[in-house]
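Engineer: Handing you a structure now.
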Ligand SMILES: Cc1ncc(COP(=O)(O)O)c(C=O)c1O
């Protein structure tokens, strides 16, 4: 079955009780037991599982090409539950989502984890950084915010050779463009707050497992006891978002391609980070492991912080805001959003390219760049 069809038809059975075609939203926090104390329908209490979440998880496993999925309250709830399921050493990307670095410095010691940072696009460095107790190689591709591309199949082989597993945060690419489990990854994670929801109105996180094994069981247990479960309404909205994900991603990609090539020609732009540009260092690997290059990019304005902020002050269609993956275009001075300790260059602006007409977006950037 093609991806578009899976995105529409998984977790989409007509409701048996009513014939409803759109999935029912079950808000109940508790479910009736039999007189003998059993739960024959599989549900007992909302923090364990609920029917709307089960539908979403069925759809997620299908679109991520995995064996099973778990939905969470946010991408960071998903990240935390996963990381709390091991002890040992974790290799983290030197360019990656900044809140994962906060987890590493503030919470890893109490979770029994040690870590090192490594450039995930440099396989020799990754090999050299592996230790005997390395349990997990954690990569983000494309990365946030520098858009570096990690070679998923090479990292998976490298991790497996040393008895570790590979986790891929695929938030920027989405399963519509990149399915890491098909390339050997053990686990794939998404912030569903972004493209899966797709309309900047829902928070969620997802984890999909290549096999439904002990790791799946322990992450599910962690979710139940720590309570980072997704709400039914959020599951319902994310499920709705998944239905149109493939169609939305086509336009995000088409718009981003046009905008990236415009930026490369602008004299005030020092560099464009977009893996769809043939000149980008990640282009060849991205072309092999992604079906298109996505709607996220960043660029550096000639000068420094002030020059970059001056551009964001002048956009009219691009809204100055963090986050990504909605229908509207956003622009962000990333170092300001990340705050103290940010490693992001001060002249870097990150953009989430929306579904407006790309000529209008290019016009807006042309005006803002002056
Ligand atoms: C790549 C990436 N991973 C994880 C997260 C965390 O997701 P959430 O904000 O849903 O907790 C984000 C959020 O921006 C992200 O960009």
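The values are calculated or read from the model by the stated rules, or taken from the named source; none is laboratory data. Please read all numbers here as calculations on a predicted model, not as lab measurements. Cβ coordinates were reconstructed from backbone atoms using ideal geometry, including for glycine residues, and neighbour counts include every protein chain displayed.
Engineer: Determine, yes or no, whether residue 225 is surrounded by 17 or more Cβ atoms within 10 Å (Cβ to Cβ), modelled with pLDDT of 95 or more and in a helix (DSSP H, G or I). Break it down into steps so the answer makes sense when it comes.
Structural biologist: On the way: surrounded by 17 or more Cβ atoms within 10 Å (Cβ to Cβ): no; modelled with pLDDT of 95 or more: yes; in a helix (DSSP H, G or I): yes.
No; evaluated as a whole, the condition is false for this residue.
Engineer: What are the pairs, 6+ residues apart or on separate chains, where a residue within the stretch 107-134 that is on the phi > 0 side of the Ramachandran plot has its Cβ under 7 Å from a residue that is assigned to a loop (DSSP other than H, G, I, E, B)?
Structural biologist: Close Cβ pairs satisfying both conditions: 112/87.
Engineer: Turning to a different aspect of this structure: Go through the stretch 183-215 and report how many residues are free of Cβ contacts under 8 Å to residues at least 60 places away in the same chain, within 18 Å of residue 173 (Cβ to Cβ) and either touching a helix residue (DSSP H, G or I) at 6+ places or on another chain (Cβ under 7 Å) or near the ligand (Cβ under 10 Å from one of its atoms) (or both).
Structural biologist: Qualifying residue count for the region: 2.
Engineer: For the stretch 146-166, name all the residues that are within 16 Å of the ligand (Cβ to nearest atom) and either surrounded by fewer than 24 Cβ atoms within 10 Å (Cβ to Cβ) or closer than 25 Å to residue 347 by Cβ (or both).
Structural biologist: 146, 147, 148, 149, 150
Engineer: Look at residue 35 and say whether it is over 19 Å from residue 202 (Cα atoms) and surrounded by fewer than 18 Cβ atoms within 10 Å (Cβ to Cβ). Don't jump to the end; show me each part of the working.
Structural biologist: Working: over 19 Å from residue 202 (Cα atoms): yes; surrounded by fewer than 18 Cβ atoms within 10 Å (Cβ to Cβ): yes.
Here the answer is yes, as residue 35 does meet what is asked.
Engineer: Is there a residue in the stretch 240-255 that is touching a strand residue (DSSP E or B) at 6+ places or on another chain (Cβ under 6 Å), within 16 Å of the ligand (Cβ to nearest atom) and in contact (Cβ under 8 Å) with a residue 24 or more places away in the chain?
Structural biologist: no
Engineer: Also, quick follow-up: With the requirement that a residue be within 16 Å of the ligand (Cβ to nearest atom) and assigned to a strand (DSSP E or B), what does the stretch 83-101 give you?
Structural biologist: Residues satisfying the conditions are 90, 92, 93.
Engineer: Within the stretch 105-145, restricting attention to residues that are crowded, with 21+ Cβ neighbours inside 10 Å, within 15 Å of the ligand (Cβ to nearest atom) and at pLDDT 95 or above, which residue is nearest to residue 277 (Cα to Cα)?
Structural biologist: Checking each candidate, the answer is 142.
Engineer: I'd like to check which helices (runs of 4 or more DSSP H) are fully inside the stretch 278-364 and have at least 3 residues that are within 16 Å of the ligand (Cβ to nearest atom).
Structural biologist: 334-338
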